[in-house]
Amino acid sequence: MDPAQLEVAMQTALAEAARAATHDDVPVGAVLLDRNGQVVAADHNRREELQDPTAHAEMLVLSAAARTRGNWRLTGHTLVVTLEPCAMCAGAAVWSRLERIVFGAADPKAGAAWSLYNIPQDRRLNHHIELTGGILEDECAAQLSGFFEPRRGKGGN
């Protein structure tokens, strides 16, 4: 996929992330693309809405795509997400056999696809994923900052 296609996919992920505000969730959005660059699943964080600690945008799109395909192996798929995946989501991406992860903003506090850890490319694991970071990084970071700014000092998320 060329950079223009990735930016379009990230715009879709940003739109999903904006929907998280309707239930006071951290605005993270994700889309899963098939080999041809077609969106096969899109969602946003729903931890607050579902009261489920695993309801991260990435986990939701991986599960939806696997159910739709009838196969947990998502070989050839690309995960596009507004924030660098955490350890749970990066691990699920590896177990799903994704080809690529594309993220917008890095996560220096919990990022497990580059910042703190690099689970998707850990040579000790049985599958490795191509990583691309920084796609629409400023827009992704601004969306997150806009969410957290008013919450600082209030015992937030």
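At-a-glance table
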| read-out | value |
| --- | --- |
| Those residues of segment 6-49 which are open to solvent by 70 Å² or more (accessible area, probe 1.4 Å) and within 18 Å of residue 65 (Cβ to Cβ), in sequence order | 35, 36, 38, 39 |
| Output for segment 79-100, where each listed residue is in a strand (DSSP E or B) and closer than 17 Å to residue 1 by Cα | 79, 80, 81, 100 |
| Residue count, segment 1-53 (criterion: closer than 20 Å to residue 134 by Cα and part of a helix (DSSP H, G or I)) | 16 |
| Residues being assigned to a loop (DSSP other than H, G, I, E, B) and among the basic types (Lys, Arg) - total across segment 54-73 | 1 |
| Within segment 72-121, tally of residues that are under 17 Å from residue 39 (Cβ atoms), aromatic (Phe, Trp, Tyr) and more than 10 Å from the chain's Cα centre (by Cα) | 0 |
| The lone exception for residue 52 - which of (1) over 21 Å from residue 140 (Cα atoms); (2) in contact (Cβ under 8 Å) with a residue 12 or more places away in the chain it fails | (2) |
| Residues satisfying the stated conditions in segment 60-84, i.e. open to solvent by less than 50 Å² (accessible area, probe 1.4 Å) and over 20 Å from residue 134 (Cβ atoms) | 60, 61, 62, 64, 65, 66, 74, 76, 77 |
| Pair list, Cβ under 6 Å, 6 or more apart: segment 85-97 residue free of Cβ contacts under 8 Å to residues at least 40 places away in the same chain and surrounded by fewer than 19 Cβ atoms within 10 Å (Cβ to Cβ), other residue aliphatic (A, V, I, L, M) and part of a helix (DSSP H, G or I) | 91/119 |
| Count of segment 101-131 residues which are of a type in the set (Val, Ile, Thr), over 17 Å from residue 28 (Cα atoms) and outside any helix (DSSP H, G or I) | 1 |
| Any chance residue 47 is under 26 Å from residue 126 (Cα atoms) and either at pLDDT below 95 or of a type outside the set (A, V, I, L, M) (or both) | no |
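The values are calculated or read from the model by the stated rules, or taken from the named source; none is laboratory data. The model shown is predicted, which means the values in this text are computed figures rather than measured ones. In this analysis, Cβ positions are derived from the backbone assuming ideal geometry, glycine residues included, and neighbour counts consider all displayed protein chains. In case anyone asks, the SASA skips ligands and DNA or RNA and just uses the protein heavy atoms, side chains included. Shrake-Rupley method; radii C 1.70, N 1.55, O 1.52, S 1.80 Å.
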